[in-house]
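Below is one structure, written out as structure tokens; the observations come after it.
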Amino acid sequence: MFTGRNGALFAGLLFLVAAAFLVALASGSADVSIAETLSALRGDAAPQVQSLVIELRWPRALTAFAVGGLLAVAGVLMQVLLRNPLAEPYILGSSGGAAVAALLAIMLGMGSAVVDLAAFGGAMAATLLVFSIAHGTGSWTPARLLLTGVVLAAGFSAATTLLLALSPDQNLRGMLFWLMGDLSFAFEPARCLWLLGVLVVVGTLGARHLNVLSRGELQAAIVGLPVRTFRYLIFAAAALATALSVTTVGVIGFIGLVVPHLVRLVAGSDHRLVLPASALAGGALLVVADTMARTILAPRQLPVGALTAAIGVPLFLILMSKVRQDRYR
């Protein structure tokens, strides 16, 4: 499994993750040398450097890695669930539901804990709403689920715009940053890291089932896979990963769409490779994007969601162009 080209892929991804972390810990409004950063990681740096690297930048980088990994894994699962390479974590309106609930909490002057709880509840409620509407009185199909998600996402977007228009001026900047992704207060990575680890391990162990289901439900049923139950499990895992990501750092797009595409171009379609590789690549991408958000206009911080979009849009257009050229050769 991890020999030859695949081994080189994971070695390269691990190197990329390590490099992204090192740059993230050394960069910011107050730059720290690589040597000082390594000393801080060993615990023998000057007190101010130790505090800056370990207490401030290290938790933020870990959170960025965990959220990026969760979004990439959720993207892989959504693409299997809907059998659509353009599916991504926010396609079912979960981010829209989280945004509406969180903005309502912010407008009411609630604290950060209540805002996080509201965002999580809104994301899960929106996902369940999409599923229940798409299911109707019969079984849902990927196309029906996708269409329902797109329509409700548009409705949530309109509600978000209305809330922004009605919100007090003193809340507007924080609300906009939350909507565009913000890791300024992301210092508790434990929940996201645990969920990412569980999803990668369980998903890799069940990769054979993902491979079968991605080829079609009929083929999956022929080989004895409990299709309905397995779809529910994939749906719940992707929704939980998206909801926790949105709760932690706000709305960040394109990672779940672009990263699985890039990984499949290199590793193929075997989910034993695609799932863990996507987790590493997605985590590294968000760490890099967050580092850029902190350093480009330091000491000002840019919304990281805007940078992931700036990176993701041209990458996606390049990928689509490549797919089109390969198809017509």
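The set of residues in segment 91-104 that are assigned to a helix (DSSP H, G or I) and either under 13 Å from Val249 (Cα atoms) or at pLDDT below 80 (or both) comprises Ile91, Leu92, Ser94, Ser95, Ala98, Ala99, Ala102. The condition (being modelled with pLDDT of 85 or more, within 15 Å of Leu81 (Cα to Cα), assigned to a helix (DSSP H, G or I) and over 16 Å from the mean Cα position of the chain (by Cα)) is satisfied by just one residue among Leu213, Leu233, Leu218: Leu233.
Please state which one of Val288, Val258, Val249, Val266 is more than 20 Å from Ser94 (Cβ to Cβ), touching a residue at least 40 places away in the same chain (Cβ under 8 Å) and within 17 Å of the chain's Cα centre (by Cα). After applying the criteria, what remains is Val288.
Report yes if some residue within segment 57-70 is in contact with a His (Cβ under 8 Å, 6 or more places away or on another chain) and either surrounded by 14 or more Cβ atoms within 10 Å (Cβ to Cβ) or charged (D, E, K, R) (or both); otherwise report no. Taking every residue of segment 57-70 in turn, none turns out to be in contact with a His (Cβ under 8 Å, 6 or more places away or on another chain) and either surrounded by 14 or more Cβ atoms within 10 Å (Cβ to Cβ) or charged (D, E, K, R) (or both). Counting the residues of segment 259-304 that are surrounded by 24 or more Cβ atoms within 10 Å (Cβ to Cβ) and more than 20 Å from Met78 (Cα to Cα) gives 7. Among the criteria (1) in contact with a Lys or Arg (Cβ under 7 Å, 6 or more places away or on another chain); (2) at pLDDT 85 or above, the one Gln301 does not fulfil is (2). Across segment 54-72, a minimum of one residue is classified as basic (Lys, Arg), modelled with pLDDT of 80 or more and either under 18 Å from Leu196 (Cβ atoms) or not in a helix (DSSP H, G or I) (or both).
Number of residues in segment 41-68 that are in contact with a Lys or Arg (Cβ under 9 Å, 6 or more places away or on another chain) and more than 20 Å from Pro299 (Cβ to Cβ) equals 1.
Annotation: of all residues in segment 13-67 being free of Cβ contacts under 8 Å to residues at least 40 places away in the same chain and of a type in the set (S, T, N, Q), the one that is farthest from Leu183 (Cα to Cα) is Ser39. Considering segment 127-176 alone, what residues qualify as being aromatic (Phe, Trp, Tyr) and modelled with pLDDT of 75 or more? Answer for segment 127-176, where residues must be aromatic (Phe, Trp, Tyr) and modelled with pLDDT of 75 or more: Phe131, Phe156. Evaluate segment 40-54: report whether one residue or more is hydroxyl-bearing (Ser, Thr, Tyr) and crowded, with 16+ Cβ neighbours inside 10 Å. So far as segment 40-54 goes, no, none of its residues is hydroxyl-bearing (Ser, Thr, Tyr) and crowded, with 16+ Cβ neighbours inside 10 Å.
Consider segment 197-210 and keep the residues that are of a type in the set (Val, Ile, Thr) and crowded, with 17+ Cβ neighbours inside 10 Å. The one that is modelled with the lowest pLDDT is Thr204.
So, in segment 177-186, how many residues would count as being surrounded by fewer than 20 Cβ atoms within 10 Å (Cβ to Cβ) and small (Gly, Ala, Ser)? The number of residues fulfilling the criteria is 1. Taking segment 187-196 only, how many residues are surrounded by 22 or more Cβ atoms within 10 Å (Cβ to Cβ) and either in contact with a Ser or Thr (Cβ under 8 Å, 6 or more places away or on another chain) or at positive phi (or both)? Count: 1. Can you find, within segment 149-176, the residue that is farthest from Ala239 (Cα to Cα) among those that are crowded, with 16+ Cβ neighbours inside 10 Å and within 21 Å of the chain's Cα centre (by Cα)? Here the residue is Met175.
For segment 105-114, filtered to residues that are without any contact (Cβ under 8 Å) to a residue 24 or more places away in the chain and assigned to a helix (DSSP H, G or I), the residue that is surrounded by the most Cβ atoms within 10 Å (Cβ to Cβ) is Ala105. Each residue in segment 12-52 was checked for being of a type in the set (A, V, I, L, M) and modelled with pLDDT under 90, and 12 of them qualify. Across segment 177-188, the qualifying residues are those that are under 16 Å from the mean Cα position of the chain (by Cα) and in a helix (DSSP H, G or I), and the one among them that is modelled with the highest pLDDT is Leu179.
The values are calculated or read from the model by the stated rules, or taken from the named source; none is laboratory data. Everything numeric here is computed off the predicted structure, so don't read it as measured data. Counting neighbours? That spans all protein chains shown, and the Cβs are built from the backbone with ideal geometry, glycine included.
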